[in-house]
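Below: the structure, in structure tokens.
The values are calculated or read from the model by the stated rules, or taken from the named source; none is laboratory data. Just so it is clear, the model here is predicted, and its values are computed rather than measured. Virtual Cβ from ideal backbone geometry, glycine too; neighbours counted across all protein chains shown.
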Amino acid sequence: MALVDRAGARVRANYVKSVSKRPITKHRASNDPVLKVAVAVPLSREFDYLPPKDTPAPAPGCRVEVPFGSRRQVGVVLRLAGESTLAPGKLRRASAALDAEPILAADDLRLIQFTADYYHHPVGEVVAASLPALLRQGKPLHPQVEMIAVTAAGEAFDTAVIAGRAPKQAELLEHLQDAGGNGVDASLLTELLPHWRRAVKGLLLKGLASRFEARAEDFDETLASPAEAGPTLNADQAAALDTLRATDGFGVFLIEGVTGSGKTEVYLQRMQDVIASGKQVLVLAPEIGLTPQLVTRLRSRLGIVPAVLHSGLTDNERLAAWRAARSGAARLIVGTRSAIFTPLRSPGLIIVDEEHDHSFKQQEGLRYSARDLAIVRAKQLNIPVVLGSATPTLEVLQHCHAGNYTHLHLPQRAGGAAPPTIRLIDTTRNPATEGLTEPLAAAIGRHLEAGGQALIFLNRRGFAPTLICSSCGHVAECERCDSRMTVHAGSRQLRCHHCGATRPLPSTCSECGEPVRPLGEGTERLEEALRARFAAHRIMRVDSDSTQHKGAMVAALDSATQGDADILVGTQMLSKGHHFPKLTLVGIVNADQGLFGTDFRSAERMAQSVVQVAGRAGREDRAGEVLIQTAFPEHRFWSTLIDGGYARVAAEALAEREQTRWPPFTRLALLRAAAHRRDDALDLLDTARRLLAADAGEHLRVLGPVDAPMARKAGRYRAQLLLQSSDRSRLHDALARLRPALEQSPAARKARWSIDVDPIELF
Ligand code: ADP
Ligand code: ZN
């Protein structure tokens, strides 16, 4: 910091000198405040501008258009200052003010600034990440939107007349007829009928439709039907709720309870209080967990329409939800990770559901944890934050032990459902064919017979993870990554799950020409095996391949919930927060991947994954059963988990982390580099290592550079440098010096690099 201050002071001195040499009257500009603007470029600094000509200075939180190099960029004013670090001749004017009043309030800017400082990420990029796309592009807060509507002639028109010649026009016209005279937002049409723009031309020509612009509609949360009453809370829930009700100011609460223990009911009642007091509630949910199921439940229990923010929205929808949160028109805001940045008019409570979920950590660009920022934001706003999970992270548990967070327990399933029984199937004695052992297959048959539903979990999509030559043993590999190609039978392709590369599925070996065969199994193969064995039953596969189309995931979950499918086969996607009433059996097909993991988080992850998927079984009146296929039934992990539950695995893992000095007992940051030439990636990291030399030592360990565990991905060589410290401020001071120095270094131009603070993946 000292260096920056010295440099800054020197520039300021020059500035003052050169101004004072000239007659003051010629320099009206110097009476203008200097705007400190965040511009979305990868440089860790603010940019100085004067206000636009003949305009009062825009307040902090307003957007401005600024000249940047030869282009114009949209930026946000962070603050006003009396002076600039730039020489006066270099100080340019902003070209336009885009907002009459701030779109971001002081509290929003404070969170943004914290995020930039803590994650050592350029503030302009943090601002950009926090804004809806339309605002980032400089569009007005209340844009005019393009609308298409039927005309009176269109209303009366019989679409059958054109259905033969112009089926697309007929389809569009039907949509417009259904929507009525107010019309449909064009961006919504793009979602529903991707090629509607061609079809609309014909309708406009025939006078059957009209096109006009309207001000974006305001959000109305009162469209929901009246609130439904919930169940009477059991004693544990009531105690948890009482504790939550005792705090209006800042406090962090962890509600730990098995799936189905009624955590959501507790949140709901606390949310009701807060909303009734006129304050807003922000709910963060995992990407996969934010389903219509959750939204419908919130909506019917609270009797208001939530503003929902997730990745599937159109730009206009996203902006509308953001605006409603900012104006206070929406009192309930539900969103995935990035919703943590949504401005709130009168915030009262933040909830992070399934806090252990990895989707709360962004793994590219601005690498932030929405869970951690939720806690920071709650503290800044002096409001409570509630974290919920059946399998809390060790980071959060350790804060509970240290007395920083309040730990609330819901040990029993609400409504009296019994916990599922868990048993292991030894695959060395019961060999699996196509992934399925005889005891598991028999259990599936039993549960189906009894009218139950089965979920078979395998965290590997595709048909088989490997294609091997039966003769020479050659394995099909990705040309751009250090990885094997996965066999996809449905599309008859080999696909790389790391870079997305595909090639046609060969029938013979590229090396020796002999036949090849798929080795191991993925969900596709398992589905096939189940179909062969349970031909009379309905089987549904749910993974990211089967749910690529928009809405497919929702439809799949819906039919799973309705009980339309007897057997569900799928990946992690099926394990998150869903409630399948008929489900009584969970089978975990290949549980051994995590037993011998090298990552210090392996045991925690594995226990989370098993407990989460096991939690889907027997959530209503019928008892659930969980069967786990493993080749290592004697492994300590299993007895710990089965006898002591997640809590014991977590306690043991925490003790081990304390001994080995891994997080949460130390802090980590990872500097990653990737380049087409391995040397370029390593050079950058060597430079960083040199820059860190003054900070490194007993209190800050700098480990590496080393190749990343998958050294080549998508044609780039990847390497990394790990920083570890038991003292957070030392780590952050070192990173704060490193980042700007690295930005200036020539080595940084030859490689892509990033800083990941509190990384959850070490590769
Ligand atoms: P979690 O969020 O912990 O998974 P939920 O709040 O979704 O649990 O509750 C699981 C199921 O139990 C839901 O169907 C819910 O309506 C029901 N439930 C929750 N609390 C009670 C209660 N006190 N009495 C009866 N049923 C309850
Ligand atoms: Zn690849």
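Some points to look at:
- Of all residues in the stretch 502-545, those satisfying the criterion of being out of contact with any strand residue (DSSP E or B) (no Cβ under 8 Å at 6 or more places or on another chain) and among the small types (G, A, S) are S510, G513, A532, A535, A536, S544.
- Scanning the stretch 218-248 for residues that are surrounded by 11 or more Cβ atoms within 10 Å (Cβ to Cβ), out of contact with any helix residue (DSSP H, G or I) (no Cβ under 7 Å at 6 or more places or on another chain), of a type outside the set (S, T, Y) and in a loop (DSSP other than H, G, I, E, B) yields a total of 3.
Listed here are the residues, each with its yes/no results for (1) away from ligand 1 (no atom under 16 Å from the Cβ); (2) at pLDDT below 90; (3) over 30 Å from V554 (Cα atoms).
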| residue | (1), (2), (3) |
| --- | --- |
| R605 | yes, no, no |
| Q608 | no, no, no |
| F637 | yes, no, yes |
| V649 | yes, no, yes |
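- Qualifying residue in the stretch 53-63 (condition: in contact with an Asp or Glu (Cβ under 6 Å, 6 or more places away or on another chain), closer than 25 Å to G328 by Cα and either of a type in the set (S, T, N, Q) or surrounded by 16 or more Cβ atoms within 10 Å (Cβ to Cβ) (or both)): yes
- Selection of the stretch 202-214 for residues being outside any strand (DSSP E or B) and surrounded by 12 or more Cβ atoms within 10 Å (Cβ to Cβ) yields G202, L203, L204, K206, G207, L208.
- Of all residues in the stretch 418-440, those that are surrounded by fewer than 19 Cβ atoms within 10 Å (Cβ to Cβ) and closer than 15 Å to V586 by Cβ total 4.
- Criterion violated by F632 - all others in (1) farther than 30 Å from G262 by Cβ; (2) in a helix (DSSP H, G or I); (3) without any contact (Cβ under 8 Å) to a residue 60 or more places away in the chain satisfied: (2)
- Helices (runs of 4 or more DSSP H) enclosed by the stretch 75-170 - at least 2 residues per element that are surrounded by fewer than 16 Cβ atoms within 10 Å (Cβ to Cβ): 106-119, 152-156, 160-163
- If you go through the stretch 287-308 and keep only what is away from ligand 1 (no atom under 11 Å from the Cβ) and assigned to a loop (DSSP other than H, G, I, E, B), you end up with E287, I288, L290, T291, G303, I304, V305, P306.
- Considering residues of the stretch 370-408 that are crowded, with 22+ Cβ neighbours inside 10 Å and of a type outside the set (A, V, I, L, M) only, the residue farthest from ligand 1 (Cβ to nearest atom): R377
- Residue match in the stretch 361-378 (condition: within 19 Å of M606 (Cα to Cα) and either in a loop (DSSP other than H, G, I, E, B) or more than 16 Å from ligand 2 (Cβ to nearest atom) (or both)): yes
- Extreme residue, farthest from R718 (Cα to Cα), among residues of the stretch 482-492 that are within 13 Å of ligand 2 (Cβ to nearest atom) and surrounded by fewer than 21 Cβ atoms within 10 Å (Cβ to Cβ): S483
- Matching residues in the stretch 251-265 - criterion: being touching a Leu at 6+ places or on another chain (Cβ under 8 Å) and in a loop (DSSP other than H, G, I, E, B): V258, S261, G262
- Candidates V123, V161, V145, filtered to the one that is over 27 Å from G312 (Cβ atoms), at pLDDT below 90 and of a type in the set (A, V, I, L, M, F, W, C): V161
- Applying the criterion of being more than 18 Å from R377 (Cβ to Cβ) and surrounded by fewer than 17 Cβ atoms within 10 Å (Cβ to Cβ) to the residues of the stretch 249-286, the residue that is nearest to ligand 1 (Cβ to nearest atom) is Q272.
- Residue check: S311 meets all listed conditions (1) outside any loop (DSSP other than H, G, I, E, B); (2) surrounded by fewer than 21 Cβ atoms within 10 Å (Cβ to Cβ); (3) not basic (K, R) but one, namely (1).
- Within the stretch 279-297, residues that are within 22 Å of P384 (Cα to Cα) sit with their Cβ atoms under 8 Å from residues that are of a type in the set (F, W, Y), at 6+ positions apart or across chains, in these pairs: V283/Y267; L284/F360; P286/F360.
- Residue ID - modelled with the lowest pLDDT, chosen from residues in the stretch 25-72 that are in a helix (DSSP H, G or I) and touching a helix residue (DSSP H, G or I) at 6+ places or on another chain (Cβ under 7 Å): H27
- For the stretch 613-628, a tally of residues being closer than 28 Å to L762 by Cβ and modelled with pLDDT of 90 or more returns 1.
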